[in-house]
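The structure appears right after this line, and notes come after that.
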Amino acid sequence: MRIELIKRPQPSRWFSAISPLLALALAMICGAILFALMGKDPFAALHAFFIEPLLDMWSIHELLVKAAPLILIAVGLSVCYLSNNWNIGAEGQLTMGAITGSILPILYPDVQGWYVLPLMLLMGMIGGALYGAVPALLKTRFNANTILTSLMLVYVAQFFLDWLVRGPWRNPEGNNFPESRQFHEYAVLPEIWSAAGRAHWGFIFAIIAAFLLWFMLHSTLKGFQIKVVGQSPRAARFAGFSAGKITFFAFLVSGALAGLAGISEVSGAIGQLRTTITPGYGFTAIIVAFLGRLNPLGIIAAGLVLALSYLGGEAAQLSIGISEKSARVFQGMILFFVLACDTFIHYRIRFVSRSQHDLRGEA
């Protein structure tokens, strides 16, 4: 007996619309079972994950801080995935964006003025885009697998960051801690509502990017080319669309937004370079992209949900005593059920006996 997936001729639009909600509900049910098996109160755990972070203004600001990089990165990833380019290396592009964007306040701290922050943001985007162009070049020139190349480049970027902050960029006044000097006031991303919390303009950048890319994907020729190349490469060739150019464009956009997320995180939430500048936003953004159905506007909602799970994981660690890894498992469940629901919407399962398979092979 074997299992086959048969593509449905016409997927249900209704189920496609409710798929993210269904996936989230299934993840919550299985998460409750997981917490119960761990000896924790499942209702208290789910309350800590999804309700507790929304009870005061400070937590809402923290929600926006964590949602900003997730939305920025996921919006860029959606362009890659819609064009059938698998970018798994956004974490590395975020890191390189943070590094290149930090050159001015670290190496030239005496250069101060209103123009420093815009230059930092631009340099961060350029750094992320150039790093994203590496797997695009390897694919178009050598037909290399972008999943492997983009993922391996994550570790290159992380080790490079670690070397910088422990070596040439280490703060001379930092008592040998592995971190750079603190950014001066002109290099710090301003807060949105300084009196209420620390949410910064990175969230505004994320919303603007989501709407711009939504418009591009739905109302421009470039968006049409991206979708055609992703859905039917043969039709794209007949139409004269260059798959190589679309690959470069997708990775450049994705890398630039990841780089913007990196420098926004460093200049807004942290204020310096450290050995670790992200809890894995680049990987979690993959979940966000698919939970938002690769729609930039849906990604805004999905980013807020996953940011809520980050805050909820921290709250659950304090209130009911679960581990950080348990919180990561719960986030992984969300991705699993998103992919599972999408699979069953587009495919149906058929069980085939060995004799039937042999007969079909002979025919």
Query raised in the report: Which peptide among 283-289, 9-15, 257-263 comes first, and what is the full order, when sorted by highest mean count of other Cβ atoms within 10 Å?
Result: 257-263, 283-289, 9-15
Query raised in the report: For segment 195-258, what D do you get in µm² per second when you plug the Kirkwood radius from alpha-carbon pairs into Stokes-Einstein at 20 °C and 1.002 mPa s?
Result: 159
Query - the chain: angle of helix 146-166 to the longest principal axis, Cα-based, in degrees nearest 10 - result: 20
Report summary line: Between the modelled labels at residue 140 and residue 103 (7 Å from Cα along Cα→Cβ) the distance in nm is 2.3
**Report entry** Carbon plus sulfur fraction of accessible area for the chain, probe 1.4 Å, in percent
**Finding:** 66
Query raised in the report: For the chain, what is the mean residue ellipticity at 222 nm derived from helices alone (per DSSP H run of n ≥ 4: -39500 (n - 2.57); sum divided by total residues; nearest 500 deg cm²/dmol)?
Result: -23000 deg cm²/dmol
Query raised in the report: Which three semi-axes in whole Å describe the equivalent ellipsoid of segment 1-119, each the square root of 5 times a Cα gyration tensor eigenvalue, listed largest first?
Result: 38, 26, 15
Report task. Give the residues of segment 64-94 whose amide nitrogen is closer than 14 Å to a point set 7 Å from the Cα of residue 193 in the direction of its Cβ. Result -> 64-65
Query raised in the report: Cα-based Rg (one decimal) and Dmax (whole number) for segment 219-363, in Å?
Result: 21.0, 67
Report task. Counting only C-alpha contacts under 8 Å and six or more residues apart, can you give the relative contact order of the chain as a whole percent? Result -> 35
Report summary line: For mean projected area of the Cα convex hull in nm² the list reads (1) 22.6; (2) 18.8; (3) 16.4; the calculated value is entry (1)
Query raised in the report: At what distance in nm do the modelled label points of residue 340 and residue 182 sit from each other, each positioned 7 Å from its Cα along Cα→Cβ?
Result: 4.8
Report task. Between 206, 17, 98, find the one with the highest GNM mean-square fluctuation for the chain; connect C-alpha pairs within less than 10 Å. Result -> 17
Query raised in the report: Using alpha carbon centroids, what distance separates segment 48-123 and segment 265-291, in Å?
Result: 6
Requested in this report: Could you list the GluC sites (Glu not before Pro) in segment 165-194 that lie in coil according to DSSP, counting only those with at most 16 other Cβ atoms within 10 Å of their Cβ?
Outcome: 173
Report summary line: The rounded separation in angstrom of the Cα centers of segment 148-169 and segment 332-351 is 35
Query raised in the report: Mind checking which of 311, 164, 221 has the largest fluctuation in a GNM of the chain, springs on alpha carbons under 10 Å?
Result: 221
Requested in this report: Determine the gain in length on full extension of the stretch residue 112-residue 238; use 0.36 nm per residue of separation and subtract their C-alpha separation, reporting nm with one decimal.
Outcome: 40.1 nm
Query raised in the report: How compact and how long is segment 52-94, expressed as Rg and Dmax of its alpha-carbon atoms in Å?
Result: 14.0, 41
Query raised in the report: Near residue 7, which lysines are there with a Cα under 24 Å away, not counting those fewer than 8 places off in the same chain?
Result: 227
**Report entry** Distance (nanometres) between label positions extended 7 Å along Cα→Cβ at residue 3 and residue 58
**Finding:** 4.7
Report task. Take the alpha-carbon positions of segment 1-48, form their convex hull, and give its projected area averaged over all directions (one quarter of the hull surface) in nm². Result -> 5.7
Report task. Straight distance only, please: which lysines reach the Cα of residue 40 with their own Cα at less than 21 Å, same-chain residues fewer than 8 apart left out? Result -> 325
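The values are calculated or read from the model by the stated rules, or taken from the named source; none is laboratory data. Just so we're clear, the structure is a prediction, and the values are computed from it rather than from any experiment. Reconstructed Cβ throughout: ideal geometry from the backbone, glycine too, with neighbour counts over all protein chains shown. In case anyone asks, the SASA skips ligands and DNA or RNA and just uses the protein heavy atoms, side chains included. Shrake-Rupley method; radii C 1.70, N 1.55, O 1.52, S 1.80 Å.
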